[in-house]
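Peer 1: Before anything else, here's the structure in question.
All of the numbers you see were taken from the coordinates with simple rules; none came from a lab. Bear in mind that the values here come from a model prediction, so they are computed numbers and not experimental data. Heads up, the Cβs are rebuilt from the backbone with ideal geometry, glycines too, and the neighbour counts pull from every protein chain shown.
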Amino acid sequence: MFANDFLSLRDFTPTQIHHLLELAADIKARPAEFSTALKGKTLAMIFEKPSLRTRVTFDVGIQQLGGFSLYLSPAEINLGKRESIHDVAKNLERMVQGIMIRTFAHQIVEEMAKEASVPIINGLTDYSHPCQAMADFLTIKEVKGRLDGLKLAFVGDGNNVAHSLMFAGALLGAHVSIVTPPGYEPKRDATAWATAQAANTGGSCVITNDPVEGVRGADVIYADVWASMGQEAEADARKTLFMPYQVNEAMFAHAAADASFMHCLPAHRGEEVTAGVIDSPRSVVFQEAENRLHAQKAIMLELMC
Ligand code: CP
Ligand code: NVA
């Protein structure tokens, strides 16, 4: 049985995550087969932060499954201020068949899931970005042909994207290392969960402040912005602190010879990654962005069918 919501990868088993990846690959290979699977169903998309990929891929994704989407901008709902989360949930559950939310505190998506009778999908919170990690591991499977035993090094801030990569990697038997400046490590509970789960799948989760050690032998080096949405005031101070963690050509000398570069995007060339890396043949960032579409179609199918 699949969960009612898609809030955190921690709510899923390795079998369920493998199944989702297989379904996503099937949808990507045979999109026409699924073109009426969500006929007449509507997904409400609540955005409290900006987006390109998440908005477009959910919007296009549900249309390709025969359904509709509704974009609700930050100004429109003003979740918890203009109207309580409870009341928003109780209204929307009578009007739509699923709700995607991009917001700040992770508790908001959890509260929506508790209140609403329709499925809730986490489209990014300050804590996690599970749809991104599903697209990322779909991409790794395509590019490397395997997930088991593969080494992914995430370099930068121990943020929402890092957390979801740790969770997915632990469920899928991958070796994930998170390389951060001191003080910017992932949350302790995230590390504890990923370490314990990885022990069951033959994977591992390592946190380090040493970029050379962290990326040694990596099959994938992954970067994200140094200051996430909501941390704009810290952006300048972080630039100096994070510069030793820039993903550049020299860093790749310590990775596997055929190592790939990934980034959830948006990217800032000259900050967390050089143009020489992100625009090189190693980079699979646009394949990764496209895979948001296929991965989320699989998620919507499982939850809303
Ligand atoms: N990677 C990602 O979630 O992109 P957006 O912020 O543009 O949705
Ligand atoms: N860590 C980034 C990811 C953007 C997709 C942020 O939260 O802004």
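Peer 1: Could you work out the helix-only [θ] at 222 nm for the chain, with each DSSP H run of four or more residues adding -39,500 (n - 2.57) and the total divided by the number of residues, to the nearest 500 deg cm²/dmol? Mind dumping the intermediate values first?
Peer 2: Working: 13 runs with 133 residues, N = 305.
Theoretical 222 nm ellipticity from helices: -13000 deg cm²/dmol.
Peer 1: Order the peptides 79-86, 51-58 from the highest to the lowest mean number of other Cβ atoms within 10 Å of their residues.
Peer 2: Numbers: 79-86: 14.2, 51-58: 18.8.
Per-residue Cβ counts within 10 Å, averaged per peptide and sorted highest first, yield 51-58, 79-86.
Peer 1: Okay, next question. Counting Lys and Arg as +1 and Asp and Glu as -1, what is the net charge of the other residues whose Cβ lies under 14 Å from the Cβ of Thr180? Could the numbers behind the result be given before it?
Peer 2: Values: positive: Lys187, Arg188, Arg238; negative: Asp157, Glu185, Asp210, Glu213, Asp224, Glu272.
Residues near Thr180 contribute -3 overall.
Peer 1: So, one more: For the peptides 204-213, 290-299, what is the packing order when you average, over each peptide's residues, the other Cβ atoms within 10 Å and list the highest mean first? If you can, show how the numbers build up before the last one.
Peer 2: Details: 204-213: 16.8, 290-299: 24.2.
So the peptides 204-213, 290-299, ranked by packing, come out 290-299, 204-213.
Peer 1: Given springs between every Cα pair under 10 Å in a Gaussian network model of the chain, which of Ala170, Ala116, Ala257 has the largest fluctuation?
Peer 2: Maximum among the listed residues: Ala257.
Peer 1: Still on this structure, I have one more. Along the three principal axes, how long is the range 1-60 when you take its alpha carbons, biggest first, rounded to the nearest angstrom?
Peer 2: So the extents along the principal axes, rounded to whole Å, are 32, 31, 21.
Peer 1: List the lysines whose Cα sits under 25 Å from the Cα of Lys49, skipping any in the same chain fewer than 8 residues away.
Peer 2: Straight-line reach from Lys49, under 25 Å: Lys41, Lys81, Lys90, Lys114, Lys187, Lys239, Lys297.
Peer 1: Using all Cα-Cα distances in the chain, what percent lands in each 20 angstrom bin from 0 up to the longest?
Peer 2: That works out to 35, 58, 7, in percent per bin.
Peer 1: I would also like to ask the following. Using only Cα atoms, find the angle between the long axis of helix 188-201 and the longest principal axis of the chain, and express it within 0 to 90 degrees, rounded to the nearest 10.
Peer 2: For 188-201 against the chain, the angle is about 80 degrees.
Peer 1: Would you mind ranking Tyr245, Tyr71 by Cβ crowding within 10 Å, fewest neighbours first? Before the final figure, lay out the partial values.
Peer 2: On the way: Tyr245 21, Tyr71 15.
Least to most surrounded, the residues fall as Tyr71, Tyr245.
Peer 1: Taking Cα atoms, how many degrees apart are the long axis of helix 53-64 and the longest axis of the chain, rounded to 10 and kept between 0 and 90?
Peer 2: With both axes taken from Cα atoms, the answer is about 50 degrees.
Peer 1: Would you mind working out the magnitude of the charge dipole of the range 151-305 relative to its Cα centre, with +1 at each Lys and Arg C-beta and -1 at each Asp and Glu C-beta, to the nearest 20 Debye? Please list the in-between numbers first.
Peer 2: Numbers: 10 positive and 18 negative charges, 52 e Å.
Dipole magnitude for the range 151-305 comes out near 260 debye.
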